[in-house]
Amino acid sequence: MAVVDLVGLVDQRMAQLAEEENIRAEEMYLTGETGVWGLLLLYDDMLDELLGYEFIETAESWRRPDAVLQYDQTAEAPLVLVIVPDESFVEMSEMLAREGAANIKVSDYSAMELVPQVLVG
């Protein structure tokens, strides 16, 4: 299975968010049994209040057993967005509809204009 450059995806999303007025984003990387995923914390830069979370997942990372639980733990925020590879969008949407909090949104790389790069080696 091809390994996608997660850091590159997070960097692309951070660059997009940097263009948004009054939004400040912080990035972090988390590791689990199925790999690494990115987590962005979004803040209102004027009020210094948390706006929400964006999870940037790989084809492997979103399949971790506690993924939905982690999303649900952030569901009190106004925005919770899970960004998955294009080919995982339907399955993730169905899983969240069955198991996740109602305010969790799903998007895919293409819709977010993120271009995954495959790591060689």
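Tabulated results
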quantity	calculated
Of residues in the stretch 11-39 being surrounded by 11 or more Cβ atoms within 10 Å (Cβ to Cβ), of a type outside the set (D, E) and farther than 15 Å from W62 by Cβ, the one nearest to the chain's Cα centre (by Cα)	R13
Residue in the stretch 65-83 that is surrounded by fewer than 20 Cβ atoms within 10 Å (Cβ to Cβ) and closer than 20 Å to V3 by Cβ present	no
Every residue from the stretch 84-121 that is assigned to a loop (DSSP other than H, G, I, E, B), free of Cβ contacts under 8 Å to residues at least 40 places away in the same chain and either surrounded by 12 or more Cβ atoms within 10 Å (Cβ to Cβ) or not small (G, A, S) (or both)	G100, A101, N103, S110, V120
Every residue from the stretch 65-83 that is part of a helix (DSSP H, G or I) and either at pLDDT below 95 or among the aromatic types (F, W, Y) (or both)	Y71
Residue in the stretch 45-64 that is farthest from the chain's Cα centre (by Cα), counting only those that are of a type in the set (D, E) and loosely packed, with under 14 Cβ neighbours inside 10 Å	D48
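The values are calculated or read from the model by the stated rules, or taken from the named source; none is laboratory data. Since the model is a prediction, treat every value here as computed from it, not as a measurement. So basically every Cβ, Gly included, is an ideal-geometry build from the backbone, and we count neighbours across all protein chains shown.
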